[in-house]
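The values are calculated or read from the model by the stated rules, or taken from the named source; none is laboratory data. Computed from a predicted model, the values in this text were never measured in an experiment. Using ideal geometry, Cβ is built from the backbone for each residue, glycine included, and neighbour counts are taken over all protein chains shown.
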Amino acid sequence: MNKIQSIIQSFEPVSLQEIDSVKLMNRMDTKFLFSIDKLPGILETLISNYFILEVNGVRQSEYRTMYYDSEDFYCYYIHQRGRANRLKCRTRQYVENDRFFFEIKKKDNHKKTTKTRISLKEKSFKLSSQKRDFLDQNVNFDEKEFSDKLMVNYKRISLINKNFTERLTIDTNLSFKNDEDFAEYPKLVILELKQDKSSVSKLREVLQHNHIFQSSISKYCLGIASLYPVKTNNINQKIRLINKLCYESI
């Protein structure tokens, strides 16, 4: 990990305001899973083509996210079964500036993803009355059975290409916990590319050279499957891939 920290210092920085100003109107989102052993070499090949997000002098930010679900894991099952209309609700802490947001993320049957969120004055992961009211305004089912189910921790590197036609996030140090258990995937990298469909991607070229191809899994679904006795039939193949990346030399 020290090598990664050294490499990311070689990138030219960009501010959060500059990244937020980039609007990819005809966007294509793609995820990739691979072992952290490959990350230093990949980062080194991207230095001349990408900026790195720097916030308050920090280039690898820490995220803490609490997810909420019902006792029968409604959100988990509609997601891992591939249902078109699905949602997640979560409280996210941006550790470096200690800001808290409550967010509802929906994906409809047209594969359109929308996020709505509110800033929280109360720095807590509990499902407070403010959060319940926000749920009631934005979700068409009784949210009162929801409770906190899963804490997800990870670190994120954010890059943007110098043509401002693509953004990517690189998540590492992934771990999960609930009130009774803990699981971690220290060798797993989850990379998400958000790209203008008309652009040519240096990253895609680099990943192909490293024999890394499109694959994805929801962090929430992986965490629930790791800590709770839920059905995993539809994601077993991806879980086997992740275990291979994390625990085998490849």
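Suppose we filter Asn56, Asn97 for residues that are surrounded by fewer than 15 Cβ atoms within 10 Å (Cβ to Cβ), closer than 17 Å to Ser124 by Cβ and either out of contact with any Lys or Arg (no Cβ under 7 Å at 6 or more places or on another chain) or aromatic (Phe, Trp, Tyr) (or both); which single one remains?
Values: Asn56 fails: closer than 17 Å to Ser124 by Cβ.
Testing whether each residue is surrounded by fewer than 15 Cβ atoms within 10 Å (Cβ to Cβ), closer than 17 Å to Ser124 by Cβ and either out of contact with any Lys or Arg (no Cβ under 7 Å at 6 or more places or on another chain) or aromatic (Phe, Trp, Tyr) (or both) leaves just Asn97.
Test of understanding: among Phe141, Phe125, which residue is in a loop (DSSP other than H, G, I, E, B), at pLDDT 90 or above and closer than 21 Å to Cys221 by Cβ? Step through it out loud before you land on a result.
Details: Phe141 fails: at pLDDT 90 or above.
After applying the criteria, what remains is Phe125.
Identify, by number, the condition in (1) in contact with a Ser or Thr (Cβ under 7 Å, 6 or more places away or on another chain); (2) farther than 30 Å from Glu54 by Cα that Glu184 doesn't meet.
Here Glu184 meets the rest and fails (2).
May I ask you to verify whether Glu166 is under 21 Å from Leu87 (Cα atoms), in contact (Cβ under 8 Å) with a residue 40 or more places away in the chain and acidic (Asp, Glu)? Break it down into steps so the answer makes sense when it comes.
Numbers: under 21 Å from Leu87 (Cα atoms): no; in contact (Cβ under 8 Å) with a residue 40 or more places away in the chain: yes; acidic (Asp, Glu): yes.
No: the conditions fail for Glu166.
What is the number of the single condition among (1) crowded, with 19+ Cβ neighbours inside 10 Å; (2) within 17 Å of Tyr67 (Cβ to Cβ); (3) in contact with a Lys or Arg (Cβ under 6 Å, 6 or more places away or on another chain) that Asn153 does not meet?
Only one criterion in (1) crowded, with 19+ Cβ neighbours inside 10 Å; (2) within 17 Å of Tyr67 (Cβ to Cβ); (3) in contact with a Lys or Arg (Cβ under 6 Å, 6 or more places away or on another chain) is unmet by Asn153, namely (1).
If you take just the helices (runs of 4 or more DSSP H) that sit entirely in segment 149-250, which of them hold at least 2 residues that are under 12 Å from the mean Cα position of the chain (by Cα)? Talk me through it step by step, then tell me what you get.
Values: elements: 202-209, 219-227, 236-247.
Helices (runs of 4 or more DSSP H) meeting the threshold: 219-227.
Do we find that Asp179 is under 22 Å from Asp29 (Cβ atoms) and of a type in the set (Asp, Glu) in this structure? I'd like the intermediate steps shown before the answer.
Details: under 22 Å from Asp29 (Cβ atoms): no; of a type in the set (Asp, Glu): yes.
Against the criterion (under 22 Å from Asp29 (Cβ atoms) and of a type in the set (Asp, Glu)), Asp179 does not qualify.
Search segment 231-250 for residues that are in contact (Cβ under 8 Å) with a residue 60 or more places away in the chain and closer than 14 Å to Leu33 by Cα and pair each with any residue that is hydroxyl-bearing (Ser, Thr, Tyr) and surrounded by 13 or more Cβ atoms within 10 Å (Cβ to Cβ) when their beta-carbon atoms are under 6 Å apart and the residues are at least 6 apart or on different chains.
From segment 231-250, the pairs are Leu245/Ser35; Cys246/Tyr185.
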